[in-house]
Amino acid sequence: TYPPKGEPLPTFLLNTQRSTGDDCGPEDPQHPLGEPTLKHKATKLEEQVRDLTKAVADSENVRRRTQKFVEDAKLFGIQSFCRDLVEVADILEKTTKNVEEEAEPSNPNSTLKKICEGLSLIEAKLQSVFSKHGLQKMNPIGGKCDPYDHEIICHVPSDGMQPGTVALVTQVGYKLHGRTIRHAHVGVAVESQERL
């Protein structure tokens with residue numbers, strides 16, 4: 001036999017065997033080492049698929065969080081401006097009430113009466129603009145006190161109201177798209193304690 005036992009094949013014969021496909025390498029499924037190698041490769045590919053799936057899920061979560069952040073920025077970007085503007089609305093409301101009190105009810109053509117009408121129109125328009133942009137006035141008289149929306153400034157005798165109910169509002173609150181931007185200052189009804 002050629003080559004004699006224990007001697008390797010000459011290199012020119014090794015090259016021709018590989019090119020003709022007579023060699024059974026580890027990639028050949030018939031090779032005894034082929035099956036474990038394929039299992040190892042399959043395991044590695046499964047790990048890569050899991051890693052890629054996790055990376056895709058993570059990037060999707062980041063995309064969703066970023067989108068939510070952008071949407072919130074669009075909705076609440078005017079929050080500080082709204083806080084300043086509601087103070088102007090308060091002044092306008094107080095001025096309108098003061099002018100109404102000073103106006104002569106018997107003289108509908110008086111200057112103060114006309115000013116009062118003008119101020120009322122401006123106030124109504126301002127509230128309309130607020131609503132258009134998601135800014136809502138909270139006047140909670142008669143409702144339950146909510147620490148997320150109300151700031152308790154005093155307690156008042158219940159006088160027929162349920163304890164814990166808002167009985168007095170000294171400053172209205174405002175919400176921007178459902179988020180409280182200014183708490184309403186309220187007086188809460190409490191049971192009066194009778195002294196013995």
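The values are calculated or read from the model by the stated rules, or taken from the named source; none is laboratory data. It should be emphasised that the depicted structure is a prediction, and the values quoted were computed from it without experimental measurement. With ideal geometry, Cβ positions are generated from the backbone for all residues, glycine too; neighbour counts draw on all protein chains shown. These accessible areas exclude ligands, DNA and RNA; they are computed on the full protein's heavy atoms, side chains included. Shrake-Rupley method; radii C 1.70, N 1.55, O 1.52, S 1.80 Å.
Worth pointing out:
- Of the residues in segment 36-52, at least one is among the small types (G, A, S), without any contact (Cβ under 8 Å) to a residue 12 or more places away in the chain and part of a helix (DSSP H, G or I).
- Members of segment 149-193 that are among the hydrophobic types (A, V, I, L, M, F, W, C), open to solvent by 50 Å² or more (accessible area, probe 1.4 Å) and not in a strand (DSSP E or B): M161
- Residue list for segment 134-148, restricted to those being exposed (fewer than 13 other Cβ atoms within 10 Å of the Cβ) and without any contact (Cβ under 8 Å) to a residue 24 or more places away in the chain: K144, P147
- Filtered residue count, segment 97-140, keeping only those that are among the polar types (S, T, N, Q) and within 38 Å of the chain's Cα centre (by Cα): 6
- Count of residues meeting criterion [within 20 Å of V172 (Cα to Cα) and open to solvent by 60 Å² or more (accessible area, probe 1.4 Å)] in segment 67-85: 5
- Which numbered condition P105 fails, given (1) closer than 25 Å to G77 by Cα; (2) open to solvent by 80 Å² or more (accessible area, probe 1.4 Å): (1)
- The set of residues in segment 86-102 being of a type in the set (V, I, T), surrounded by 14 or more Cβ atoms within 10 Å (Cβ to Cβ) and more than 13 Å from F130 (Cβ to Cβ) consists of T95, T96, V99.
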